[in-house]
Structures are given as structure tokens and as C-alpha cells.
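Everything on this sheet refers to the single structure shown next.
The values are calculated or read from the model by the stated rules, or taken from the named source; none is laboratory data. None of the values given here were measured: they were computed from a predicted structure. Here the Cβ positions follow ideal geometry from the backbone for every residue, glycine too, while neighbour counts run over all protein chains shown. We work out accessible area using only protein heavy atoms, side chains counted, and drop any ligands, DNA or RNA first. Shrake-Rupley method; radii C 1.70, N 1.55, O 1.52, S 1.80 Å.
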Amino acid sequence: MTLLQTLSVDSLSTADSLALEATKENIGLLDLLIKGGYMMIPLYLLFVLAIFIFVQKLLTLKKAAKTPAHLLDQVKVLVQSGQIEKAKALCMGENTPVANMISKGIERIGSPLKNIEVSIENVGKIEIYKLEKNLGLLATVAGAAPMIGFLGTVTGMIQAFISIAQEEGMVSPKLLSMGIYEAMITTATGLVVGIIAYLGYNYLVTQVSKLVHNMEYTSIEFIDLLQDK
């Protein structure tokens with residue numbers, strides 16, 4: 001009985017010491033990111049690029065959506081009263097996609113209605129291009145980051161097995177496990193960057209679609225206004 005108690009105490013002491021050593025060897029997030037290898041550099045750059053594009057486009061879309069709700073009503077009153085230049089100046093003062101489209105339509109008042117429609121559509125295409133600019137690059141980051149992460153894992157595993165092959169005698173489990181977890185860091189980082197870029201891309205696409213719908217609706221309302229004039 002005494003022997004069993006002694007063995008039990010020894011096993012508990014061994015477990016405690018192992019747990020203590022594991023605690024001491026805990027690796028922080030920053031250490032993990034550093035240990036990922038040179039393939040982490042492009043992932044860091046892609047992450048910074050994704051954040052920059054997202055913030056830039058978010059500010060652009062926020063500014064583009066600031067068209068006053070009653071702008072078209074004010075333009076309607078001015079146009080019907082013959083104050084064309086004042087209506088045009090009102091739109092130019094807003095400097096938003098919707099206002100720019102209406103301003104171009106006002107500038108073409110007196111021309112055939114078809115020509116006015118074409119002018120508004122051309123301005124609309126230019127404004128949509130500005131809204132969608134760099135969204136494709138953000139989508140590229142969302143797709144490229146996980147692939148670069150997987151590439152980093154493959155190259156890391158190759159290096160780990162080369163190190164193992166160069167070892168003489170018994171291979172240390174610690175050497176094998178360190179090589180594997182360092183290689184897997186790039187995969188995890190690539191997936192995180194890709195997910196963030198993908199979510200940001202889809203959010204921006206949704207906001208652009210809302211603005212484009214508003215632009216189309218406003219252009220139709222303006223054409224109806226000219227027909228009633």
C-alpha cells in the first residue's frame with residue numbers, strides 16, 4: 001500500500017513538473033507570428049493592403065452616400081421655375097455621384113431627351129467605376145492570402161524534413177513538432193487575412209450596390225421630371 005501511495009505521489013509530482021514546464025514554454029501570439037518564417041512577410045503586406053483598401057473605400061462610399069434626401073425636390077422646383085443655373089450650382093456644390101449625374105442632366109436641358117439620358121448614363125458609368133475601384137484588388141487579397149499561407153506551410157514542412165534527414169541517430173520529437181507548428185503558422189495567418197479581406201470585400205460590394213441602385217432610381221426620377229416639364 002505504501003508503495004502504491006509513493007508511486008502515486010511520484011506520478012503526480014511528475015505531472016505537475018511537466019505542466020509547469022509546459023506553462024514556462026507557452027509561446028505568445030507575437031512569438032508565433034515571428035516564428036512563421038519569411039513567408040509571413042507577404043502575408044503582413046497583404047493584411048496592411050487589405051485594411052488600407054477597406055478603410056479608403058469605406059470613407060469614399062460614406063462620402064458618396066451623403067446626397068441630401070430632398071435634393072431632387074429642390075432641383076425640380078428650380079427647373080420648373082426656370083432657374084437652371086441655380087439648380088446646376090446646387091448639384092455641383094454637393095459633389096456626389098447622384099448630384100453629378102443630375103448636374104450633367106441639367107446641363108443638357110434643351111437637348112433631345114435621348115441625349116440627356118445618354119449623358120446621365122455616361123456620368124453614371126464613370127461614377128460607378130470610381131466606387132468600384134480597387135475592389136478587385138481586395139478580392140485578390142482574399143484569394144491570394146490563403147494560397148500564400150499554404151505555400152509557406154509546404155516550404156516549412158520541406159525544411160523541417162530536411163533538418164530531420166540531416167539528424168544522426170534518434171530524431172527528437174521536439175525538433176519534429178517545432179518544424180510542423182512553425183510551418184502551420186503561415187496557413188493560419190493566411191486564412192485569417194483571407195477571411196478578413198473576403199468579409200470586407202463583400203461588405204463594400206453590398207454598399208456599392210445600394211449606391212448604384214440609388215443612382216439609377218434618381219436618374220429615372222430626373223428623366224420623369226424633364227418629361228413633365
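Assorted remarks:
- Of the helices (runs of 4 or more DSSP H) lying entirely inside region 37-111, the ones with 2 or more residues being farther than 28 Å from residue 150 by Cβ and within 32 Å of the chain's Cα centre (by Cα) are found at 40-64, 84-94, 97-107.
- Residues that are within 21 Å of residue 218 (Cβ to Cβ) and either open to solvent by 80 Å² or more (accessible area, probe 1.4 Å) or touching a Lys or Arg at 6+ places or on another chain (Cβ under 9 Å) (or both) are absent from region 42-50 altogether.
- Residue within region 137-154 that is assigned to a helix (DSSP H, G or I), more than 27 Å from residue 52 (Cβ to Cβ) and either open to solvent by 40 Å² or more (accessible area, probe 1.4 Å) or modelled with pLDDT under 85 (or both) present: yes
- Residues that are among the hydrophobic types (A, V, I, L, M, F, W, C) and surrounded by fewer than 15 Cβ atoms within 10 Å (Cβ to Cβ), drawn from region 69-83: 69, 77
- Tally, over region 92-127, of residues that are in contact (Cβ under 8 Å) with a residue 40 or more places away in the chain, more than 16 Å from residue 73 (Cα to Cα) and touching a helix residue (DSSP H, G or I) at 6+ places or on another chain (Cβ under 7 Å): 8
- Index of the failed condition, residue 42 passing every other in (1) farther than 30 Å from residue 128 by Cα; (2) modelled with pLDDT under 80: (2)
- Of the numbered criteria (1) touching a Gly at 6+ places or on another chain (Cβ under 9 Å); (2) modelled with pLDDT of 80 or more, the one residue 48 fails is (1).
- When residues in region 180-220 are screened for being more than 20 Å from residue 139 (Cα to Cα) and either open to solvent by 70 Å² or more (accessible area, probe 1.4 Å) or in contact with a strand residue (DSSP E or B) (Cβ under 8 Å, 6 or more places away or on another chain) (or both), 5 of them pass.
- Condition met for residue 134 (within 21 Å of residue 225 (Cα to Cα), open to solvent by 30 Å² or more (accessible area, probe 1.4 Å) and modelled with pLDDT of 85 or more): no
- Residue in region 88-98 that is in contact with a Phe, Trp or Tyr (Cβ under 7 Å, 6 or more places away or on another chain), crowded, with 20+ Cβ neighbours inside 10 Å, modelled with pLDDT of 85 or more and among the β-branched types (Val, Ile, Thr) present: no
- Condition check for residue 62: surrounded by fewer than 17 Cβ atoms within 10 Å (Cβ to Cβ), free of Cβ contacts under 8 Å to residues at least 40 places away in the same chain and touching a helix residue (DSSP H, G or I) at 6+ places or on another chain (Cβ under 6 Å): no
- Taken as a whole, the structure places residue 227 among residues that are assigned to a helix (DSSP H, G or I), out of contact with any strand residue (DSSP E or B) (no Cβ under 8 Å at 6 or more places or on another chain), loosely packed, with under 15 Cβ neighbours inside 10 Å and in contact (Cβ under 8 Å) with a residue 12 or more places away in the chain.
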